[in-house]
Amino acid sequence: MQLVVARIGRAHGIKGDVTVEVRTDEPELRLAPGAVLATDPPSTGPLTIETGRVHSGRLLLRFEGVKDRSAAEALRNTLLIAEVDPEELPEEEDEYYDHQLMDLDVVTADGVEVGRITEISHLPSQDLFIVERPDGSEVMIPFVEEIVAEIDLAEQKAVITPPPGLIDDRAEIASSRDSEDSQDSEDES
């Protein structure tokens, strides 16, 4: 199975280094020196990583055969793709690869069907499940411990405990003003 692990950014310096936007939780494994990666577009690869280092918080890579800024700039916006065994699991127990989560059924803890995961969005602050509901609409569910109670790969489902308003439009909003109004009506009776 092929997974996108990074996107090449702009050239850095004059010796062929490029910045990369990392799209894997395991860059030390997938983007290590010696790794051979397929590319999109295919005509720019395959690329073999020669060196890698972090500079000012960004990962810089240099590829074999890419020796100057012009050659590095020509790679800009190329996707780097790693070949991954579909049965391979992440090192941590509570981590998952995107392909493992795709198409899982999402249900609430009390068994109510919410929908099916169609996309995982990786944001700086957290990951989101994009869930297609049975009526065709979509709902975004933060992939955080407080909401996603269980991932059961054997049963192909994700069990969630959503706060009010996350998956329905009929959230109950209680404000102190509402309770004061009801208290006033009781006092007038």
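The values are calculated or read from the model by the stated rules, or taken from the named source; none is laboratory data. Keep in mind that what you see is a predicted model, and the values were worked out from it rather than measured. Neighbour counts are summed over all protein chains in view; Cβ atoms, including those assigned to glycine, are modelled from backbone coordinates with ideal geometry. When the accessible area is computed, the model is the full protein with side chains, heavy atoms only, and any ligands, DNA or RNA have been set aside. Shrake-Rupley method; radii C 1.70, N 1.55, O 1.52, S 1.80 Å.
Just how much of R10 is accessible, in Å², when a 1.4 Å probe is used and the result is rounded to the nearest 10?
About 140 Å², rounded to the nearest 10.
Based on alpha-carbon positions alone, could you give the equivalent ellipsoid semi-axes of region 5-134 from the gyration tensor, as √(5λ), descending, whole Å? Spell out each step's value before the answer.
Values: eigenvalues 236, 40, 38 Å².
Over the Cα atoms of region 5-134, the ellipsoid semi-axes are 34, 14, 14 Å.
From Cα pairs below 8 angstrom and at least 6 apart in sequence, can you work out the relative contact order of region 1-131, rounded to a whole percent? Don't jump to the answer; show the numbers that get you there.
Working: 241 pairs, mean separation 31.3, N = 131.
Relative contact order comes out at 24 percent.
What's log10 of I(q)/I(0) for region 105-157 at q = 0.13, 0.14, 0.15, 0.22 Å⁻¹, Debye sum over Cα points only, no solvent?
Debye output, listed in q order: -0.30, -0.35, -0.40, -0.86.
Between S137 and A38, take the C-beta separation as r, use R0 = 30 Å, and let me know the FRET efficiency to the nearest 0.05.
0.25
Need the full-extension length gain, R76 to H99, defined as separation in residues times 0.36 nm minus the C-alpha distance. One decimal, nm. Intermediate values should be presented prior to the final figure.
On the way: separation 23, 0.36 × 23 = 8.28 nm, distance 2.59 nm.
Full-extension gain reported as 5.7 nm.
Once phi is turned into ³J(HN,Hα) by the Karplus curve 6.51 cos²θ - 1.76 cosθ + 1.60 with θ = phi - 60°, what whole-Hz value does each residue of region 55-62 show in order, with x for glycine and proline?
9, 6, x, 10, 7, 10, 10, 10
At 0.36 nm per residue, minus the direct Cα-Cα distance, what do R23 and H122 gain on full extension? Give it in nm, one decimal, please.
Value of the extension gain: 34.8 nm.
Roughly how many Å² of H122 are accessible to a 1.4 Å probe, to the nearest 10?
Around 100 Å² of this residue is reachable by solvent.
Just going by the charge dipole of region 1-77, with Lys and Arg at +1 and Asp and Glu at -1 on Cβ, which of A35, N77, G13 is farthest out on the positive end?
Positive-end residue among those listed: G13.
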